[in-house]
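Just so it is clear, none of the values below were taken in a lab; they were calculated from the coordinates. Computed from a predicted model, the values in this text were never measured in an experiment. Methodologically, a virtual Cβ is constructed for each residue, glycine included, from the backbone with ideal geometry; neighbour enumeration extends over all protein chains shown.
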């Protein structure tokens with residue numbers, strides 16, 4: 001199977017790549033940074049893992065940068081994992097329109113454009129493919145300072161549900177994985193006290209396991225989940 005994964009170079013994106021590779025799949029990674037962690041994984045799976053550094057905020061050139069110069073139609077995609085994201089955290093009274101637009105380019109507009117061309121790839125090759133968007137528990141449970149970020153994830157969830165309805169007749173599925181707070185680079189700026197308060201709102205009282213999120217993504221991509229589409233699958237330690 002051939003999978004396109006954005007935000008592949010660290011955190012949950014890197015773990016998604018690792019799980020998919022362990023199952024014998026080909027992974028085409030996209031991220032801005034070519035990290036040492038990714039290079040190590042690349043050396044372990046030579047010939048199965050590829051990388052291209054792309055600025056995902058440049059949504060107007062996604063077709064050229066990804067689908068003309070990297071994952072062309074000669075590569076028949078079985079799935080796409082939209083994991084790349086950027087955070088813009090602040091209270092609503094401080095909202096800055098330029099920062100909001102920059103975040104929406106990465107979190108919403110570019111994933112929509114990539115989905116467009118992934119669908120065209122699947123239609124051309126007559127693939128019954130699977131699309132996974134990584135959302136956030138913040139789109140379902142309020143957190144101070146995350147209104148703008150949560151709104152971008154909410155937009156993705158609506159987009160995924162309608163994509164599922166639009167293309168399901170051809171066997172193409174679209175789902176969302178909704179992780180709780182994980183120990184990743186995006187949450188690294190939080191203090192231990194802030195993290196503890198977040199974790200106390202969950203049933204398991206701890207950080208969401210990154211591998212559990214990645215394994216759920218791999219399941220939803222696979223034929224084992226052939227009857228699951230248009231869903232938001234929560235992997236969040238039972239957030240209350």
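Looking at the calculated P(r) for region 109-167, what percent of the C-alpha pair distances fall above 13 Å?
64
On C-alpha positions alone, give me the angle between the axis of helix 147-167 and the longest principal axis of the chain, in degrees, nearest 10.
It is inclined by approximately 30 degrees.
Testing the spin-label approximation: label points 7 Å from Cα along Cα→Cβ at residue 205 and residue 94. State their distance in nm.
Reported label-point gap for residue 205 and residue 94 is 3.2 nm.
Could you give the radius of gyration (one decimal) and Dmax (whole number) of the Cα atoms in region 188-235, in Å?
Here Rg and the maximum Cα pair distance are 14.4, 41 Å.
For region 2-235, treating each Cα as an identical point scatterer without solvent, what Debye log10 I(q)/I(0) comes out at q = 0.12 1/Å?
-0.64
Starting from a Cα-only point model with no solvent, please compute log10 I(q)/I(0) by Debye for region 2-56 at q = 0.18, 0.27, 0.30 1/Å.
At q = 0.18, 0.27, 0.30 Å⁻¹ the computed log10 ratios are -0.45, -1.08, -1.35.
Among bridges DSSP assigns within the chain, what percent are antiparallel (round to 5)?
Approximately 5 percent, going by the DSSP bridge assignments.
Taking the alpha-carbon set of region 23-109, what are its Rg and Dmax in Å?
For region 23-109, the Cα radius of gyration and maximum Cα-Cα distance read 15.7, 50 Å.
In whole Å, what are the extents of region 77-189 along the principal axes defined by its C-alpha atoms, from largest to smallest?
Answer, in whole Å and largest first: 47, 27, 23 Å.
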